Amino acid sequence: MEFDLSDINAEMISARLTDERISWSKRNRLIKKALSKVFGYKNVRVKQEYSWVHIIIMANRPHKGKCRSQPFDYTYCRECSTTKDSIVSMVWHVLKETGLYSELTFYYTDMGEKREECHIDVRFIDEAV
Ligand SMILES: [Zn+2]
């Protein structure tokens, strides 16, 4: 899958030329725009929660009905888990391809590891929001 993200790249370049630091609202608008090309406008939500950006992607479940042979409602079958994981990977890919990744804020864990202040949540359309 390849998507034309060149206009996002262009907007990022112009924003960096005009602003010392791209505002969170401008960054989030670009995140929404970039991810909408991949997942569809109505399937992408981008919210700011304190310093964190919260990205919600609505996706179709890869099969009909509920997951089979799962003891609890909140767990997913392998097919659904794989679908969710691949969507999360795609979101990171788009953020990195567009340069939006470097506009995220970061924190350090107790172990000194750098982490993104970005939460990606994939929800199936048949799930209550
Ligand atoms: Zn499933």
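Assorted remarks:
- Expressed as a whole percent, the proportion of Cα-Cα pairs in region 6-124 lying more than 21 Å apart is 45%.
- Of 42/64; 47/114; 33/64; 32/84; 32/66, those spanning more than 25 Å from alpha-carbon to alpha-carbon: 33/64; 32/66
- Residue of 43, 60, 28 that the Gaussian network model of the chain assigns the largest fluctuation, springs spanning Cα pairs under 10 Å: 60
- Within the chain, antiparallel bridges make up roughly 55 percent of the DSSP beta bridges whose residues both belong there.
- 222 nm mean residue ellipticity, helices alone, for the chain (DSSP H n ≥ 4; -39,500 (n - 2.57); rounded to 500): -13000 deg cm²/dmol
- Sparsely packed loop sites in region 18-72 (the trypsin sites (Lys or Arg not before Pro) outside DSSP H, G, I, E and B with at most 16 other Cβ atoms within 10 Å) comprise 21, 64, 66, 68.
Read-outs: derived from the displayed coordinates by stated rules, not from any lab. From a predicted model like this one, the values you see are computed outputs, not experimental measurements. Cβ coordinates were reconstructed from backbone atoms using ideal geometry, including for glycine residues, and neighbour counts include every protein chain displayed.
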